Amino acid sequence: MSVAAPDTTTTHLVEVTHLKKWFPIRGGILSRVVANVKAVNDVSFGVKKGEVLGLVGESGSGKTTVGRTILRLIEPTEGSIRFDGQDITHLPKNQLRAYRRRMQIIFQDPFASLNPRMTVGDIIAEPLVIHNLEGSAKARNERVAELLDLVGLNAEHVRRYPHEFSGGQRQRIGIARALAVRPEFIVADEPVSALDVSIQAQVVNLLQDLKEQLGLTILFIAHDLAVVEYISDRVAVMYLGKIMELAPSRDLYLNPRHPYTEALLSAIPTPDPTVKRERIVLQGDIPSPINPPSGCVFRTRCRYAIAECATTVPELKEVAPGHFKACIRDDILN
Amino acid sequence: MDDKRLVEVTDLKVHFFTDDGVVKAVDGVSFHINKGETLAVVGESGSGKSVTSLAMMRLIPSPPGKIVGGRMLFRGKDGQLRDLAKEDEATMRRIRGNDIAMIFQEPMTSLNPVYTVGDQIAEAIVLHQGKSKKEALEQAAEMLDLVGIPEPKKRLSNYPHQMSGGMRQRVMIAMALSCNPSLLIADEPTTALDVTIQAQILELMKKLQEEIGMSILFITHNLGVVAEMADRVVVMYAGRAVEEADVVPTFKKPLHPYTMGLLNSVPRLDLAATHQQRLEAIPGNVPNPLSLPAGCAFHPRCKFFKPGLCDTEIPALQDAGDGHMVRCVRWAEIQKGEAVSA
């Protein structure tokens, strides 16, 4: 348990240990499991109270599955999830509900995640009804108005329907809904990826303000490293179901220690035509998670790979204070 | 038209006649593309950038869409100068795929799932170059090799679903370049791809442009990609070009408040060590195309908005020197720092 070694000075609100999620592929007449998609394959990390932990990776890296498994929207195959000290991995549904109130999710697609037949007021009030909060209808309405104001929407909008709003405004509605039950922990799954550049900045700023104001703990999932670096205190980089590197966000950018992070950073085009960098272009595609490479899953695209990488599964180990990497080559990127 | 130029678009207007009213998706856009250069058209959703590119291919669905005005001069491979806005369908069919080729954002939906990639690439070669199917397939294999697909001969018999997103985009590029077009229109070609794959495709496009020498019209919303690929940039907002300049001045000395706003709102990794605490967002939303604000369409979101000036007349595109065009009545004041922000 090299990663999850708890930090003695701060407490983890959420702690994930050796988490695995394999999706079975069935085949044949007897529907036997013929293979598994190893979406998340032994991941451990903690999210400290009040911090924003960024989770980045390309499509198929397992970042969304991690987020949903923590909320038990997807049941884990192995490993454990602790929330505020309590193991919730196997908590039955009726007991889970109390925890669900304390952890909420914001989705990527502001169009698909709001019911088109409900008014904005009903959408935001629904979690209050489900969790039996705020008692009377009047108190609920007041809370809804307060939430709309909090996310920068007009309280007069309660009676409108989602289609009357733009993408950015809808994302604000999704945020208001998530905040309705006063959660402590939020999984934000690609909350700005579907938005235009000028609107993206508004929502990033809003999330940052809300985090300060409400003391939220956030798991911020995205594929855009620049956005993640901006909002996160620490960042974990995933590849093929595993964490490759985890570090304080500035540190990760300025001093990447894993070859994958190095390549990922260099692949991002800089909005400055006068900067000419030497780019590391990764060859090939991300391998199939059904049959990931042996040893280090990144070795097939890694320019530093040696024979040993095919046989040894690298542990995520601390290489500098708070900076972890899963790579057996200690002689590179120091 | 100037000999250096391949394309010259003047005052292009594309309107959509819907039940709810007329959407002026493109309303008076002018630009030119020189031979061998890459022009990037940047804008957010609804800015009219994709409609502009579809208009050049004459692929605007009609009804409801219609090119209601403007000229699109294009010098064909045969040396003839044509106005694409006026050509008949038969001529357009000869031009499409042959003189002008296009790649789209979604390599998944723009390839036909029931034909092999070999057949799909060969189709254009047979049609435009009059080669036999066998010769066309050989050329298709060469094209796949050119775009960096390993074992190209074997891949010819693959179907699109057997390939990854990055591979499919390479197939699209192979198909587009198979007839040696003089203009490649790339509409958000890397938006659906992961960054590491995006980097591969951008490198490939640059390499092929050097080898083949075609011009590229690159449509994107990603400013990083623009900085990387473009020689010149047109920034669009609500159906109009608001700024046009060489790539370096666009990023280093933007004149239009919208361009400035866009540049400030992007989080930048290269400034991570020194960055400020907050992103400078552009307030408000992209306007409804059915009821654009009066005057400058950007005025409700602009920090330099001056009542009575910005909301009365649509500003003209002015030359600020060195071919740097800007559509803002206050640009000079703003540059001198005299304009007070609201």
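The values are calculated or read from the model by the stated rules, or taken from the named source; none is laboratory data. Here the structure is a predicted model, which means the values were calculated and not measured. Note: ideal-geometry Cβ built from the backbone for every residue, glycine included; neighbour counts use all protein chains shown. Accessible surface is based on the protein model in full, side chains and every heavy atom, while ligands, DNA and RNA are left aside. Shrake-Rupley method; radii C 1.70, N 1.55, O 1.52, S 1.80 Å.
Brief remarks follow.
- For residues of A:167-175, the mean tally of beta carbons on other chains within 10 Å: 1
- Length available on full extension from residue A:290 to residue A:130: 0.36 nm per residue minus the Cα-Cα distance, which gives 53.8 nm.
- Region B:103-147 residues near the modelled residue A:279 label - backbone nitrogen below 19 Å, point 7 Å along Cα→Cβ: B:103-107, B:146-147
- When chains A and B come together, the accessible area they lose, probed at 1.4 Å and totalled over both chains, is close to 3900 Å².
- Under the simplified labelling scheme, the residue B:89-residue B:316 pair shows an inter-label distance of 4.0 nm, with each label point 7 Å from Cα along Cα→Cβ.
- Carbon/sulfur fraction of accessible area - the protein assembly as shown, other protein chains in place, 1.4 Å, %: 51
- In this calculation the C-beta distance from residue A:310 to residue A:25 is compared with R0 = 22 Å, giving a FRET efficiency of 0.35.
- Put simply, when A:323-334, A:88-99, A:53-64 are sorted by average Cβ atoms within 10 angstrom per residue, most first, you get A:53-64, A:323-334, A:88-99.
- Region A:29-130 gives an Rg/Rh value of 1.01, both radii derived from C-alpha positions and Rh following Kirkwood.
- Taking N as the residue count of region A:114-181, its C-alpha radius of gyration divided by 2.2 N^0.38 Å amounts to 0.98.
- Counting only DSSP H runs of at least 4 residues, each contributing -39500 (n - 2.57), and dividing by the residue count of the protein assembly as shown, the helix-based mean residue ellipticity at 222 nm comes to -8500 deg cm²/dmol.
- If the segment from residue B:161 to residue B:34 were pulled out straight at 0.36 nm per residue, it would be longer than the present Cα-Cα gap by 42.0 nm.
- P(r) of the protein assembly as shown over all Cα-Cα pairs, binned every 10 Å from zero, in whole percent: 3, 14, 23, 25, 20, 12, 4, 0
- Fully extended contour minus Cα-Cα distance, from residue B:59 to residue B:17, at 0.36 nm per residue: 13.5 nm
- Angle between chain A longest axis and helix A:137-150 axis [Cα atoms, degrees, rounded to 10]: 50
- Across all Cα pairs in chain A, the calculated P(r) in 20 Å bins from zero up to the longest distance comes to 29, 55, 15, 0 percent per bin.
- Estimated at the nearest 10 Å², the accessible area of residue A:20 is 40 Å² with a 1.4 Å probe.
- Report note on the peptides A:122-129, A:300-307, A:279-286, A:191-198: ranked by the mean count of other C-beta atoms within 10 Å, highest first, their order is A:191-198, A:122-129, A:279-286, A:300-307.
- Computed over protein heavy atoms with a 1.4 Å probe, the accessible surface of region A:114-181 works out to 48 Å² per residue.
- Distance between modelled label sites at residue A:161 and residue A:91, nm, 7 Å Cα→Cβ extension: 3.7
- Solvent-accessible area per residue, Å², over region B:244-342 with all protein chains present [probe radius 1.4 Å]: 50
- Antiparallel %, DSSP beta bridges [both residues in chain B], to 5: 60
- Applying 1/(1 + (r/R0)^6) with R0 = 35 Å to the Cβ-Cβ distance of residue B:112 and residue B:2 gives a FRET efficiency near 0.35.
- Residue mean of other protein chain beta carbons inside 10 Å, A:271-283: 6
- On the beta carbon distance between residue A:137 and residue B:288, with R0 = 30 Å, the FRET formula returns roughly 0.35.
- Cleavage-rule hits, GluC sites (Glu not before Pro), region B:282-342, DSSP coil, Cβ neighbours within 10 Å at most 10: B:338
- Average beta carbon contacts from partner chains per residue of B:18-25, 10 Å cutoff: 0
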